[in-house]
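Participant: There's a structure below that I have some questions on.
Each value in this text was obtained by applying a stated rule to the coordinates, not by laboratory testing. Not measured: the values here are computed from a predicted model. Note: ideal-geometry Cβ built from the backbone for every residue, glycine included; neighbour counts use all protein chains shown.
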Amino acid sequence: MQLFCIFIKIPEITQKAAENESVLRSAKNGISYLKENKGILWLILFLSAINLVASIYDAALPAMILSKKSDAALGSVSACVGIATLFGSMIATFYPKPKSKIKVICNCLLISMSTENFLLAFGNSTIIWCIGAMLGWLLIPLMNANYDVIFRTNVPAEMQGRVYSVRNTLQFFTIPVGYFWGGILVDKIFEPFMAMTENKFLHTAFGVGKGSGAAFLFFAIGIIGVIICLIFRKVKYIRELD
């Protein structure tokens, strides 16, 4: 890997004198920057909301597949996620520079949310779930690449450390929250509801018995994920980042 580094040209950056700045002061400066640059702030909130949905997905996936199929099925779906991510990274490498990076970010997330969750909800076979995993994760590397470019081109180099620290707090704190609520939603709400209901439409759509509640949850987070994408892509501050 180090051999390839000699072919990478690293641009020179003018270094400024380091300030004797405390951690709290740095955090305050990062927050102040985001208050003045609402496009970056709204983009962070967008990904924060997506991470909440994605972490609920992560918590519910094993519960549904292990209830309906086996650990081999779960392993197959997880493998497809890795394969899709690998191919997605290749797509991100060779994808031409887009006219609108924000549209690429929004469209990639919209495709991800509107495919995998619904195939997991309505599908009842390992093959369908694997197809859903491939569609859901294939464009995530492309989204991440454009997301990173937006940050690096819009945030001054001397502020990136502060802004990235605040970003990581706001964007990723929803992940443990999603894990927590994912387990509760499956075990305490959706599974008991599907066990008690006699609604034939729900039984036909999501199945009967263990795992049907988790399937219903995937349908719910699929709807929520699509709504989040449609709402945030209309935020003018985000569109102005292009």
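Participant: Go through region 156-202 and give me each residue that's of a type in the set (Ser, Thr, Tyr) and outside any helix (DSSP H, G or I).
Facilitator: Answer for region 156-202, where residues must be of a type in the set (Ser, Thr, Tyr) and outside any helix (DSSP H, G or I): just Thr197.
Participant: In region 124-166, what residues are within 30 Å of Lys69 (Cβ to Cβ) and small (Gly, Ala, Ser)?
Facilitator: Ser125, Gly132, Ala133, Gly136
Participant: Filter region 133-163 for residues that are more than 30 Å from Ala60 (Cβ to Cβ) and without any contact (Cβ under 8 Å) to a residue 24 or more places away in the chain; which is surrounded by the most Cβ atoms within 10 Å (Cβ to Cβ)?
Facilitator: Residue satisfying both the conditions and the ranking: Gln160.
Participant: Scan region 120-127 and tell me whether some residue there is among the hydroxyl-bearing types (Ser, Thr, Tyr) and buried (at least 16 other Cβ atoms within 10 Å of the Cβ).
Facilitator: Looking through region 120-127, at least one residue is among the hydroxyl-bearing types (Ser, Thr, Tyr) and buried (at least 16 other Cβ atoms within 10 Å of the Cβ).
Participant: Shifting gears a bit: Can you name the condition, by its number, that Lys97 falls short on among (1) crowded, with 20+ Cβ neighbours inside 10 Å; (2) of a type in the set (D, E, K, R); (3) without any contact (Cβ under 8 Å) to a residue 60 or more places away in the chain?
Facilitator: Every listed condition holds for Lys97 apart from (1).
Participant: Residue check: is Ala205 of a type in the set (Gly, Ala, Ser), free of Cβ contacts under 8 Å to residues at least 40 places away in the same chain and surrounded by 14 or more Cβ atoms within 10 Å (Cβ to Cβ)?
Facilitator: Here the answer is no, as Ala205 does not meet what is asked.
Participant: Among residues belonging to region 191-242 that are over 30 Å from Lys38 (Cα atoms) and among the hydroxyl-bearing types (Ser, Thr, Tyr), point out the one that is farthest from the chain's Cα centre (by Cα).
Facilitator: For region 191-242, the residue satisfying everything is Thr197.
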